[in-house]
Amino acid sequence: MTKVSQLREIGMDHGGFVDTDAAVAVGMDPKALSRMAHRGRLTHELHGIYRFPEIPVDETTEYRLALLWAGPDSALDSESVLLLLDLCDVNPREIHVAVPPGTRIRRKGKDHYCLHKGKFDVEFHQGLPMLPVHQAVARALDEGMRRGLASQAIRTATRRELIEESEAQDLIHRYQLGEEAR
């Protein structure tokens, strides 16, 4: 298997995206990525991040790019989790990404990424790391999400068994959401 084939395999697992770390992992010079982009074999997305254009995009593509940009220990956060899981009618302007404390992002990114630094738990959905639903709802409320949307997210997540009843009750009491969240 050639290095490019190995790189494509990595890309297939990440929505078509590869970065300089992926190139190094397959024994490729990271500068080869820009040459491949120049020849049309890759598209340049962000500093150090490229995409195989023949790999189709889906509803997770933008999230995968944001996570790759933020680094290996990042996870989707807040309203982005609620939108991806279709838990409420939220429409965030930014993709919310959590990173561990002390993380330094050296790449230039897109203007519509919102970073949250701090400790967090991680679950996976469609191969994407994200905060557990109850933590994502709490963070969204802390950031000013409308209480009605939070109530809708809690009801939907409870019905779909994405949060425990005790977690739902904790959110309802902590944020004084009342009966609309049940």
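The values are calculated or read from the model by the stated rules, or taken from the named source; none is laboratory data. This structure is a prediction, so every number in the text was calculated from the model and none was measured. Backbone-built Cβ (ideal geometry, glycine too); neighbour counts: all protein chains shown. The area values use the complete protein model at the heavy-atom level, side chains included, leaving out ligands, DNA and RNA. Shrake-Rupley method; radii C 1.70, N 1.55, O 1.52, S 1.80 Å.
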Whenever you get a sec, line up Ile105, Ile55 from highest to lowest accessible area (probe 1.4 Å, protein heavy atoms).
Ile105, Ile55
Using a 1.4 Å probe, how large is the accessible area of Asp13, given in Å² and rounded to the nearest 10?
110
Which residue fluctuates most in the GNM of the chain (Cα springs below 10 Å): Val24, Val133, Val81?
Val24
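State the dimensionless ratio Rg/Rh of the stretch 1-95 (Rg: radius of gyration of Cα atoms; Rh: Kirkwood radius).
1.03
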Taking the Cα centre of the chain as origin, sum charge times position over the Cβ atoms of Lys and Arg (+1) and Asp and Glu (-1), and report the length of that vector in debye to the nearest 20.
900
Mind checking the log10 I(q)/I(0) for the stretch 55-161 at q = 0.15 Å⁻¹? Debye, one equal scatterer per Cα, no solvent, two decimals.
-0.58
Highest GNM mean-square fluctuation among Ser78, Ser34, Ser151, for the chain with Cα springs under 10 Å, belongs to Ser34
Among Ser80, His134, Tyr63, whose Cα lies farthest out toward the positive end of the dipole of the stretch 31-146, if unit charges sit on the beta carbon of Lys, Arg (+1) and Asp, Glu (-1)?
Tyr63
Under 20 Å from the Cα of Lys117, which lysines turn up, not counting those fewer than eight places away in the same chain?
Lys108
Diffing the stretch 121-128: the Karplus 3J(HN,Hα) column from phi (6.51, -1.76, 1.60, θ = phi - 60°), in whole Hz with x for Gly and Pro, holds 8, 10, 10, 10, 9, 6, x, 9
Loop trypsin sites (Lys or Arg not before Pro), the stretch 1-84 (other Cβ atoms within 10 Å of the site Cβ: 14 or fewer; DSSP):
Arg39
Rounded to whole Hz, the Karplus (6.51, -1.76, 1.60) HN-Hα couplings of the stretch 87-99, x for glycine and proline
8, 7, 8, 7, 9, x, 7, 10, 8, 8, 10, 9, 10
Write down the Å³ per residue value for the convex hull defined by the alpha carbon atoms of the chain.
122
Interchain or long-range residues, amide H under 5 Å from Glu94's placed H
none
Which one of Val26, Val122, Val90 has the biggest mean-square fluctuation once the chain is modelled by GNM with Cα springs under 10 Å?
Val26
Could you tell me how many degrees, from 0 to 90 and to the nearest 10, lie between the Cα long axis of helix 61-70 and the main elongation axis, the longest principal axis, of the Cα atoms of the chain?
80
Express the relative contact order of the stretch 40-172 as a whole percentage, based on alpha carbon pairs under 8 Å and six or more residues apart in sequence.
22
